[in-house]
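Here the structure is laid out as structure tokens; the discussion comes afterwards.
The values are calculated or read from the model by the stated rules, or taken from the named source; none is laboratory data. Predicted model, so just to flag it, every value in this text is computed and none were measured. Here the Cβ positions follow ideal geometry from the backbone for every residue, glycine too, while neighbour counts run over all protein chains shown. Just so you know, the surface numbers come from the protein's heavy atoms only, side chains and all, with ligands and any DNA or RNA stripped out. Shrake-Rupley method; radii C 1.70, N 1.55, O 1.52, S 1.80 Å.
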Amino acid sequence: MKKLTTLTIAAATLVLAAPAMAQFAKPDDAIKYRQSALFVMQQNFGRVAAMAAGKVPFDAKLAAESADVATFMSKLPWAAFVDGSDKGNTKAKPQIWTEKAKFNEYAEKMQGEMTKLDAAAKTGNLDSIKAAVGAVGGSCKACHDAFRM
Ligand code: ASC
């Protein structure tokens, strides 16, 4: 029982740590943070997408590792779209802050598709990976069309 309580507290601390990460010293740090997360995500997704497109040889192990990193990174940018970070070195449209629910829907859709790509990459089946890459790409594009300048 004591062990269970300790575990529960540890788990709760992990969950509470996520919003704490949303604190940034200045708006510019939030912008850099989300751009960095998206960049690392794109680099890893792009590696898998290049394999899916036949531009580079298929390497199942590298694809699985890259999809894993991309999936983790896909969770990070959203906490950095904080109030006041709509101005600066950013292509973020102001609608992100006025249509937050819609923006969050796009963000969640992409994370869901990336998780499916992660699962597909673990199977090593190139056809499944191709389908999942297409869905991730579509979810990136949909959000960019709506919310990126
Ligand atoms: C990428 C990337 C995007 C998406 C998009 C898919 O690799 O940088 O923005 O995929 O091009 O349509």
Task: Pick from region 65-85, criterion in contact (Cβ under 8 Å) with a residue 40 or more places away in the chain and over 16 Å from the mean Cα position of the chain (by Cα), ranking: farthest from M114 (Cα to Cα) - done: G84
Open item on the list: When you scan region 96-113, do you find a residue that is within 19 Å of the chain's Cα centre (by Cα) and closer than 22 Å to A25 by Cα, even just one?
Closed with: yes
Open item on the list: Can you pull out every residue in region 101-133 that is in contact (Cβ under 8 Å) with a residue 40 or more places away in the chain and over 12 Å from A67 (Cα atoms)?
Closed with: K102, F103, Y106, L126, K130
Open item on the list: Being exposed (fewer than 15 other Cβ atoms within 10 Å of the Cβ) and in a loop (DSSP other than H, G, I, E, B) is the requirement here; does K55 meet it?
Closed with: yes
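From the list T98, T90, T71, which residue is open to solvent by 40 Å² or more (accessible area, probe 1.4 Å) and among the hydroxyl-bearing types (S, T, Y)? Before the answer, list the steps.
On the way: T90 fails: open to solvent by 40 Å² or more (accessible area, probe 1.4 Å); T71 fails: open to solvent by 40 Å² or more (accessible area, probe 1.4 Å).
After applying the criteria, what remains is T98.
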Task: region 37-78, residues that are touching a Phe, Trp or Tyr at 6+ places or on another chain (Cβ under 8 Å) and among the small types (G, A, S) - done: S66, A67, A70
TODO: Can you tell me which residue within region 36-52, out of those that are without any contact (Cβ under 8 Å) to a residue 40 or more places away in the chain and among the small types (G, A, S), is farthest from the ligand (Cβ to nearest atom)?
DONE: S36
